[in-house]
Amino acid sequence: MLKIAVALALGAATLLAGAGCAADTSQRAGRTELVVFAASSLTDAFREIAARFESDNPEVNVVLNFAGSQKLRTQLEHGAKADVFASADMRQTDAVTEAGLTRGEPTVFAINRLALINSRHASKKIALDELARPGIKLVVAQPAVPAGAYARQVLQNLDSKDGFGPGFAARVLANLVSEEPSVRSVAQKVALGDADAGLVYQSDALSADIAPRVEVVAIPEDCNIAAEYPAVALADARQPETARQFIGFLLSPQGQGILERHGFTPVSDSAAVPANVPGNP
Amino acid sequence: MFRKVINPSNPWAPAGWAATVLYLVFIGLPVLAMLVRAGQQSDFAASLTSSLTVQALQLSLITSAVSMAVVVVFGTPLAYLLARGDSVALKAVDAVVELPIVLPPVVAGVAMLMAFGRQGIVGPALTGMGIHLPFTAIAVIFAQVFVAAPFYIRAAKLGFQSIGKEFEDVSQTLGVSPWSTFWRLTLPLAAPSILGGLALAWARAISEFGATIMFAGNLTGRTQTMPLAILTAMETDIGSALAMSALLLAGSLAVLAILGVLARRRWEGRL
């Protein structure tokens, strides 16, 4: 018994010492820490962007925190400390701005669109106009989730387009087998093959985990939605200057290139970018 | 009967009372706060009868009733075997049976998807037979049975164990067949334990969430049980979420009351 207690105490001491050392080295190296809160759909793209930003600015250590935009907003409203907030939804950014937590105007740095994904296991690819065929198992996110609302909007847009027939949206929604709590669980259910098809963001369809297991069917541009992703520096940022640089980097050709590779539509039109953002290409 | 067990001069008594008050506040306050908020909703009655609530309640009641039927039909002989057998194999079974009690339900959901999903281990065979489990009410029942069965089996086993085998032996030496001994002696004597286990298992089945959303999905009227409907309503309509929560709280209190009555009957049976 005593032996176990001693072993545990030694183990704990070693861990604590290790943690202490780690903290020491980062302090000694004098790296500034930039805390970025980002929507979970940005996970893959922002990991790559952070790595590139760090190699361009060796003195900066980017700390990423990913969650649903709504959750991040709640965390910020309850006093979480961060330098940059990159949301998948302007409403969350607006709410944080109204709470007086931001510094400067939000900048739209990327646009995400929806795509139809099919299970690789499906015997036959389901085209957009076949979604209303009885027996197809379709999953979308629940309407309160932005991706769920967008999915219904896309179906309405297709409904009013020639060639899809009257009542298309209603007939498609009759094939719904589940309203998932997040867009990522929609993608996962299709990737696992339990659902035949689902409506997700293009960035989800191209993510490393999902892409190999699904077939992507493009949605015509005139029927698709454009989900704007705004980034904003936060009022109590510890590194306000670095925060501005990071947002500038998102808009740089490098940043836009990385976002594009991960399925986002770049904001190439410079008119869409407010002029007061430093680092604006 | 137990009133004088703790002597007031016992040095632990003040600490015990302080802890008791703290605990009651700790669990009572959130429950009361929820009820107060639910009561403040002007459309409380409308929320209780909204189609979201009614469909979820119907689905929860039907699926949990079927689940309990399955649990009783298969769980009772299993519990009896566990209570009477003492082989090493049965001891191992005894340990495995209770796994779902300690397993996080969301893990149960992932596991069921890997087994019964369309690409799961037995999924393709099921598909070949035209059976598709995910996103159906049957998947809801699977999830409920998976997580709730051990509560029934454990209680029934303990109930059977408390009726010593000697009683059954005496009955059989008096010429009563083993079958009728079970029905006329063992089962009635073990009934309070069995019903208590059934109440607990039902409560667990009604509250099942993690495995259901993972394996059965979330669709109003098809697989959206009360807990899933509460989660969905929390995003859009807190009034409905509060009304449904109050309804489930009432159900939980009913289960506690049933358990209390059964526990008293069990004691009286002993004395």
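Here are the numbers for this structure:
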item: Interatomic Cα distance distribution for the range A:27-75, bins of 5 angstrom, percent; result: 5, 21, 26, 21, 14, 10, 4, 0
item: Separation of alpha-carbon centers, the range A:78-113 and the range B:9-42, rounded to whole Å; result: 39
item: Base-10 log of normalised Debye intensity for the range B:27-70 (one unit scatterer per alpha-carbon) at q = 0.23, 0.27, 0.34 Å⁻¹; result: -0.81, -0.85, -1.01
item: Long-range Cα-Cα pairs in chain B (distance over 30 Å), rounded percent; result: 45
item: The range A:116-251 - share of DSSP beta bridges that are antiparallel (%, nearest 5); result: 55
item: Over 24 Å between alpha carbons, listed pairs B:Lys91/B:Lys157; A:Lys125/A:Lys161; A:Lys71/A:Lys125; result: A:Lys71/A:Lys125
item: log₁₀ of I(q)/I(0) at q = 0.15, 0.19, 0.20, 0.23 Å⁻¹ - the range A:113-169, Debye sum with one point per alpha carbon; result: -0.47, -0.75, -0.83, -1.06
item: Alpha-carbon Rg with Dmax, taken over the protein assembly as shown, Å; result: 29.2, 98
item: Radius of gyration and maximum dimension Dmax of the range A:194-255, Cα, Å; result: 17.1, 48
item: Sites A:Thr32 and B:Val31, calculated FRET efficiency, Cβ-Cβ separation with R0 45 Å, nearest 0.05; result: 0.45
item: Share of pairwise Cα separations in the range B:175-271, more than 19 Å, in percent; result: 58
item: DSSP loop trypsin sites (Lys or Arg not before Pro) with at most 11 other Cβ within 10 Å: longest gap in chain B; result: B:5-271
item: Hydrodynamic radius (Kirkwood) for the range A:94-249, which is based on Cα pairs only, to one decimal in Å; result: 17.0
item: For the range B:99-189, average projected area of the Cα convex hull in nm²; result: 8.4
item: Candidate aspartates and glutamates for bridging to A:Lys137, where Cα separation is under 20 Å - those fewer than 8 sequence places away on the same chain excluded; result: A:Asp129, A:Asp159, A:Glu179, A:Glu180, A:Asp194, A:Asp196, A:Asp204, A:Glu215
item: Sorted by Cβ density within 10 Å, fewest first, the residues B:Tyr23, A:Tyr201, A:Tyr229; result: B:Tyr23, A:Tyr201, A:Tyr229
item: GluC sites (Glu not before Pro) within the range A:39-140: DSSP coil, no more than 15 neighbouring Cβ in 10 Å; result: A:Glu59
item: D_trans [Stokes-Einstein, Kirkwood Rh over alpha-carbon pairs] for the range B:125-236, 4 °C, 1.567 mPa s, µm² s⁻¹; result: 78
item: Three-way shape call for the range B:7-130 based on the alpha-carbon gyration tensor, with the a/c threshold at 1.5; result: oblate
item: Distance between modelled label sites at A:Asp209 and A:Ser182, nm, 7 Å Cα→Cβ extension; result: 0.8
item: Estimated FRET transfer efficiency (B:Trp17, B:Val102; beta-carbon r; R0 35 Å; 0.05); result: 0.60
item: Share, in percent, of DSSP beta bridges within the protein assembly as shown that are antiparallel, nearest 5; result: 55
item: Listed residues B:Thr225, B:Thr173, B:Thr236, most fluctuating in chain B (Gaussian network, C-alpha, under 10 Å); result: B:Thr173
item: Between the range A:120-168 and the range B:188-229, the Cα center-to-center distance that results, in Å; result: 32
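Read the figures in this text as sums done on the coordinates, not as results from a lab. No experiment lies behind these values; they were computed from the predicted model shown. So basically every Cβ, Gly included, is an ideal-geometry build from the backbone, and we count neighbours across all protein chains shown.
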